[in-house]
Amino acid sequence: QVAPAVRVGIGEAFGLPDGAPVMGKLVTALHRLGVDVVYDTNLAADLTIMEESNELIERLNSDGELPLITSCCPGWVKYAEHFYPDMLANISTCKSPHQMQGAIVKTYMANQEHIAKEKIVMVSVMPCTAKKFEITRDDECGAGVPDVDIVITTNELAKMLKDAEIQLEAMNPNAKFDVPL
């Protein structure tokens, strides 16, 4: 799966002009690298927003802890754990979007496709190294296996594509992300 910010960073890494269509090219390049399925993390970001909205409504209706603070950034969560433990009750219980996407793929999609969740390797391409730490947390194994197995950064992906001599600018700009639902 690919985070939205990765598109801009990959375009920059390959010297593409600002605003150049990168999404389709990136999907094509990942398939060339051998990736079977390429998901956009945007779907899970939308699901995270919906879940956080439900959590906020529940807190409002039950005099729960407010304000509700997003849990999307593992760097922020870790910072709060170390320096503001009194605020932990304010942090949403939702998984971050890439972790939620991993959980969806390893539960719902695994069942739909009749694939053992243990055979799925979920890789997230993220702009932030804090996501590497996030996948090591004990609470990120919703299906009994890690939601996400590997996180690589935008720069690491750019290096992989260049090492594989994949010319991003020559890739199909019209390729689409796979749709998990």
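Taken together, the residues in the range 2-42 that are open to solvent by less than 30 Å² (accessible area, probe 1.4 Å), outside any loop (DSSP other than H, G, I, E, B) and not charged (D, E, K, R) amount to 12. Annotation note: of LYS78, LYS25, LYS95, the sole residue that is of a type in the set (Lys, Arg) and touching a Pro at 6+ places or on another chain (Cβ under 9 Å) is LYS25. Test LEU88 against the criterion of being at pLDDT 95 or above and surrounded by 18 or more Cβ atoms within 10 Å (Cβ to Cβ), and give yes or no. The answer is no for LEU88. Taken over the range 139-169, the criterion of being modelled with pLDDT of 95 or more and among the hydrophobic types (A, V, I, L, M, F, W, C) is satisfied by VAL148, ILE150, VAL151, ILE152, LEU157, ALA158, MET160, LEU161, ALA164, ILE166, LEU168.
Any idea which of (1) assigned to a helix (DSSP H, G or I); (2) at pLDDT below 95; (3) β-branched (Val, Ile, Thr) is the one ILE57 doesn't satisfy? With (1) assigned to a helix (DSSP H, G or I); (2) at pLDDT below 95; (3) β-branched (Val, Ile, Thr) applied to ILE57, the lone miss is (2). Residues to consider are LYS106, LYS159, LYS132, LYS119; find the one that is basic (Lys, Arg), touching a residue at least 40 places away in the same chain (Cβ under 8 Å) and under 22 Å from LEU33 (Cβ atoms). Of the residues listed, the single one that is basic (Lys, Arg), touching a residue at least 40 places away in the same chain (Cβ under 8 Å) and under 22 Å from LEU33 (Cβ atoms) is LYS106. In the range 92-134, which residue that is closer than 22 Å to ALA5 by Cα and among the polar types (S, T, N, Q) is most open to solvent (accessible area, probe 1.4 Å)? Only one residue fits best here, namely THR129.
Quick one: is GLY144 farther than 30 Å from ALA175 by Cα and either open to solvent by 80 Å² or more (accessible area, probe 1.4 Å) or touching a residue at least 24 places away in the same chain (Cβ under 8 Å) (or both)? In short, yes. From the list ALA20, ALA130, ALA80, the one residue that fits, being farther than 18 Å from THR154 by Cα and of a type outside the set (Val, Ile, Thr), is ALA80. Each residue in the range 60-74 was checked for being at pLDDT 95 or above and open to solvent by 30 Å² or more (accessible area, probe 1.4 Å), and 9 of them qualify.
The values are calculated or read from the model by the stated rules, or taken from the named source; none is laboratory data. Here the structure is a predicted model, which means the values were calculated and not measured. Note: ideal-geometry Cβ built from the backbone for every residue, glycine included; neighbour counts use all protein chains shown. Remember, those area values only see protein heavy atoms, side chains included, never the ligands or the DNA or RNA. Shrake-Rupley method; radii C 1.70, N 1.55, O 1.52, S 1.80 Å.
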